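Colleague: Before I ask anything, here is the structure I am working with.
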Amino acid sequence: MTYHGKMPVEQFNIRLDCRYFPGDRPCAFHKREAVRCEACSHYAGRGIKILIIKFDALGDVLRTTSLLPSLRKQHGSTYVTWITSQDAAPLFIGNPYVDEVLTTCDEYLPVLLNRVFDIVINPDASRKSCELASLATAETKYGFVSSPLGTVVPLDDAALRWLRMGSDDVVKRENRQTYQQIIHDMCHLDASSQHIVIALTDDEKARREELRRDLELDPQLPTIGINAGAGDRWQHKKWSLHGYIDLISIIREEMSAQVLILGGPADDERNRLIKARAGGGAYYRPTSSLRELIQLIDLCDVVVTGDTLAAHIAVGLAKRVVVIFGPTSAAEVDLYGLGEKIVAPVDCVCCYRSSCDRKPNCMELIDAEVVFDALKRQVRLSGAKRLDEVEILVGEPGR
């Protein structure tokens, strides 16, 4: 048979446009249930074809998933392809809104050169993201593209405002919108149903319980997660080491709770030091993967962390949080009513400087007692077992 641009699909009894058909092999339903394509009840068309380009950082990738429920609400059936970094790909495991995750140029360049999308979304003004958004073919594009000269082109006023925030520290500091509100405005979406999308598979839920048993965590006690790391881009994005150590000491003395230290491989040395100085007052298990970190966070009832990936994972998992801010914007972080923000008491807060020689610096000025007060409130608000009976062992009313 000669192909002349139109395939007589009806002769093959294969629904080539089904979102579950991979093309080069039988679909999962055929293998599992032996259903034939022409009689399969699982058939689903691809609907509105959407491309999202968002590479990094990991926390930003995760909170950009807040667009997904809004896109589904506005457009109904959607088929979402997401271009991201290999490090970020595990964030999408179990995500019911994303159909394809592409991480390398040999995966996404053929897609960009061949397919036609209904919508392309690029909320990032980086050169690489803009060039890829320009390369993609789509009826509608939101965010940023690249000009033929290689310069960034904001596609509407909302994108232009975001570009200004990224290029002007004064505008950044004055902003009061969350990142989620900003990208929803950029995509002309109603933000009323938005939320961070992250999920554990059934196998991961079973593994989470194995981790609970291995760590010997008591399921009847509230678990306080302590995430002391925050990447290396901003020197003082991390709360001080002595701050976390003092906080664990206060928790041990004044609350019937257990502390679980969290973090990835890059945080291992810092976490081991905190555990050693905590004097046996904390549990710690080095993580082997990003997915294992997500499972450990899901064991917690409240997470204390800086402005980093762990904060967005915790919120996405509906955990209560206490998030500590110094050089980055507290206004941009959406906690969805699940926690409190503690902002360093300095006039230069939200400076976005990679390093600082001010003494004491912003994070050194945040007292462990202040963090504990916020933590105590969040423990009482959390949904952990018996948390309505959590015993505060020491302290006056209001403390």
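The values are calculated or read from the model by the stated rules, or taken from the named source; none is laboratory data. Owing to the predicted nature of the structure, the values given are computational and were not obtained by experimental measurement. Reconstructed Cβ throughout: ideal geometry from the backbone, glycine too, with neighbour counts over all protein chains shown.
Colleague: Does segment 73-84 contain at least one residue that is in a loop (DSSP other than H, G, I, E, B) and surrounded by 20 or more Cβ atoms within 10 Å (Cβ to Cβ)?
Modeller: Yes, the conditions are met somewhere in segment 73-84.
Colleague: Could you check residue 201 against (1) surrounded by fewer than 17 Cβ atoms within 10 Å (Cβ to Cβ); (2) touching a residue at least 40 places away in the same chain (Cβ under 8 Å); (3) more than 19 Å from the chain's Cα centre (by Cα) and say which number it fails?
Modeller: The one condition residue 201 does not meet is (3).
The rows are residues; the columns are (1) assigned to a helix (DSSP H, G or I); (2) outside the structural domain of residue 320 (by TED's automatic domain parsing); (3) surrounded by fewer than 17 Cβ atoms within 10 Å (Cβ to Cβ).
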{"site": "148", "(1), (2), (3)": "no, yes, yes"}
{"site": "163", "(1), (2), (3)": "yes, yes, no"}
{"site": "166", "(1), (2), (3)": "yes, yes, yes"}
{"site": "172", "(1), (2), (3)": "yes, yes, no"}
{"site": "176", "(1), (2), (3)": "no, yes, yes"}
{"site": "182", "(1), (2), (3)": "yes, yes, no"}
{"site": "220", "(1), (2), (3)": "no, no, yes"}
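To keep it simple, each residue is scored yes or no on (1) without any contact (Cβ under 8 Å) to a residue 12 or more places away in the chain; (2) more than 19 Å from residue 222 (Cα to Cα); (3) in the same structural domain as residue 217 (by TED's automatic domain parsing); (4) among the small types (Gly, Ala, Ser).
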| residue | (1), (2), (3), (4) |
| --- | --- |
| 281 | no, no, yes, yes |
| 287 | no, yes, yes, no |
| 299 | no, no, yes, no |
| 309 | no, yes, yes, no |
| 312 | no, yes, yes, no |
| 318 | no, no, yes, yes |
| 328 | no, yes, yes, no |
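Colleague: If you take the residues of segment 137-184 that are in contact with a Lys or Arg (Cβ under 8 Å, 6 or more places away or on another chain) and modelled with pLDDT of 95 or more, which of them is nearest to residue 70 (Cα to Cα)?
Modeller: 180
Colleague: Report, by residue number, each residue of segment 99-120 that is among the β-branched types (Val, Ile, Thr) and either free of Cβ contacts under 8 Å to residues at least 40 places away in the same chain or farther than 23 Å from residue 188 by Cα (or both).
Modeller: 101, 103, 104, 111, listed by residue number.
Colleague: Suppose we keep only residues that are over 25 Å from the mean Cα position of the chain (by Cα) and of a type in the set (Asp, Glu) within segment 238-272. Which one would you say is nearest to residue 363 (Cα to Cα)?
Modeller: Among those that are over 25 Å from the mean Cα position of the chain (by Cα) and of a type in the set (Asp, Glu), it is 246.
Colleague: Run residue 56 past the list (1) outside any strand (DSSP E or B); (2) at pLDDT 95 or above and report the number of the one that doesn't hold.
Modeller: So residue 56 meets the others, but not (2).
Colleague: Quick one: count up the residues across segment 273-297 that are buried (at least 23 other Cβ atoms within 10 Å of the Cβ) and under 14 Å from the mean Cα position of the chain (by Cα).
Modeller: Qualifying residue count, segment 273-297: 2.
Colleague: What's the number of the condition residue 173 fails, among (1) in contact with a strand residue (DSSP E or B) (Cβ under 8 Å, 6 or more places away or on another chain); (2) of a type outside the set (Asp, Glu); (3) more than 26 Å from residue 96 (Cα to Cα)?
Modeller: So the condition that residue 173 fails would be (1).
Colleague: For a quick check of your reading of the model, give me the residue pairs whose first member lies in segment 58-79 and is free of Cβ contacts under 8 Å to residues at least 12 places away in the same chain and on the phi > 0 side of the Ramachandran plot, whose second is part of a helix (DSSP H, G or I) and not aromatic (Phe, Trp, Tyr), with beta-carbon atoms closer than 6 Å and at least 6 apart or on different chains.
Modeller: none
Colleague: Failed condition for residue 327, given (1) modelled with pLDDT of 95 or more; (2) buried (at least 21 other Cβ atoms within 10 Å of the Cβ), with all others met?
Modeller: With (1) modelled with pLDDT of 95 or more; (2) buried (at least 21 other Cβ atoms within 10 Å of the Cβ) applied to residue 327, the lone miss is (1).
Colleague: Exactly one of (1) under 14 Å from the mean Cα position of the chain (by Cα); (2) closer than 28 Å to residue 162 by Cβ is unmet by residue 102. Its number?
Modeller: Only one criterion is unmet by residue 102, namely (1).
Colleague: For the structure I just gave you, tell me whether residue 128 is touching a Leu at 6+ places or on another chain (Cβ under 7 Å) and among the charged types (D, E, K, R).
Modeller: Against the criterion (touching a Leu at 6+ places or on another chain (Cβ under 7 Å) and among the charged types (D, E, K, R)), residue 128 does not qualify.
Colleague: Does residue 196 meet the test of being closer than 15 Å to residue 319 by Cβ and touching a Ser or Thr at 6+ places or on another chain (Cβ under 6 Å)?
Modeller: In short, yes.
Colleague: Can you tell me how many residues in segment 330-345 are in contact (Cβ under 8 Å) with a residue 60 or more places away in the chain and either of a type in the set (A, V, I, L, M, F, W, C) or buried (at least 24 other Cβ atoms within 10 Å of the Cβ) (or both)?
Modeller: Total meeting the criteria: 2.
Colleague: Can you name the residue in segment 346-399 that is modelled with pLDDT of 75 or more and among the acidic types (Asp, Glu) and, of all such residues, is surrounded by the most Cβ atoms within 10 Å (Cβ to Cβ)?
Modeller: Result: 373.
Colleague: Continuing with the same structure: Regarding segment 109-131, can at least one residue be identified that is over 30 Å from residue 294 (Cβ atoms), surrounded by fewer than 16 Cβ atoms within 10 Å (Cβ to Cβ), in the same structural domain as residue 180 (by TED's automatic domain parsing) and of a type in the set (S, T, N, Q)?
Modeller: Yes, the conditions are met somewhere in segment 109-131.
Colleague: Of the residues that make up segment 227-237, is at least one closer than 22 Å to residue 282 by Cβ, assigned by TED's automatic domain parsing to the domain that holds residue 338 and surrounded by fewer than 16 Cβ atoms within 10 Å (Cβ to Cβ)?
Modeller: no
Colleague: Same structure again: Can you tell me which residue in segment 97-117 is farthest from residue 66 (Cα to Cα), limited to those that are of a type in the set (A, V, I, L, M, F, W, C) and in a helix (DSSP H, G or I)?
Modeller: So, considering only residues that are of a type in the set (A, V, I, L, M, F, W, C) and in a helix (DSSP H, G or I), the one farthest from residue 66 (Cα to Cα) is 113.
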